[in-house]
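To keep things clear, I will list the structure first and then write my remarks on it.
Bear in mind that the values in this text are calculations on the coordinates, not laboratory data. Please read all numbers here as calculations on a predicted model, not as lab measurements. Every residue, glycine among them, receives a Cβ derived from its backbone with ideal geometry; neighbour counts consider all protein chains shown.
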Amino acid sequence: METDWKIAADNARSRSSIYGLIAAIFREEPGEALIRELKASRLSEVFSSLGVNLGEEFYNSPEAELADTLGLEFTRLFIGPSNHISAHESVFAELDSGMGGLWGATTVKVKNFIETAGLDYKAEFTGVPDHVSVEFEFMQKLTASEADKWDQQDQQGAEFCQTVQRKFIEEHLVTWIPQFCDAVVTKAEMPFYRAMSELMKNYLEIEQQGIAAETAA
């Protein structure tokens, strides 16, 4: 039985690492430290299993050079000054209604969801709660909490964490992340953000499959 607890904890911890990695990639321009982490061999198997190919140029180019070029690409894609992609759920989720924009009704729902789950924002946080990086960081913390519960052999606590995760995925992530990823793949000029968007979309599909399997069990 103790082995089962450890397997469950390790699985939740691995999921937390992937959510955290995606959050870091889309939070801001990548620095040299993040680029070195992405080049590390320990991630190669993860990328391979999720169908992500960063290309030889990424692995062969100096970190400082990549930081500069990817920083420019990040700014063009997500900041502007014009024709950029907004990385916020409210912009995508409310698009069909013609109400898509920052701090829409969806933003408030995400803010309330995060706070109801018992998490809060750092004092210095000045962003919008439904930014892609915030939502994936939220999932990172939920899965890390689940791992801690399994370590403590607290099955009820771990299963509660799973319930919150499923609810957030179904009510928020799946409603806009696939469309966001498709937009990035279309607009990106460099392979990096196309590959990272594919990683995000593929991983979310795996998470959905896991939810479906648990529901059917």
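Note on Asp130, Asp4: ascending count of other Cβ atoms within 10 Å places them as Asp4, Asp130, the fewest first. Ranking of Glu89, Glu65, Glu32 by neighbouring Cβ atoms within 10 Å, starting from the fewest: Glu65, Glu32, Glu89. Comparing Gly104, Phe92, Val174 along the charge dipole axis of the chain, the residue lying farthest to the positive side is Gly104, per the Cβ-charge model.
With Rh defined as the Kirkwood radius, the inverse of the mean 1/r over Cα pairs, the Rg/Rh of region 2-216 is 0.97. For region 2-216, the number of Lys pairs separated by eight or more positions or lying on different chains, with C-alpha atoms closer than 22 Å, is 16.
Placing +1 on each Lys and Arg Cβ and -1 on each Asp and Glu Cβ, with no other charges, gives the chain a dipole about its Cα centre of roughly 160 debye. Each of Gln162, Val128, Thr143 was placed along the dipole of region 117-211 (beta-carbon charges, centred on the mean Cα), and the one lying farthest toward the positive end is Val128. Taking other C-beta atoms within 10 Å as the exposure proxy, Tyr59, Tyr19 rank Tyr59, Tyr19 from fewest upward.
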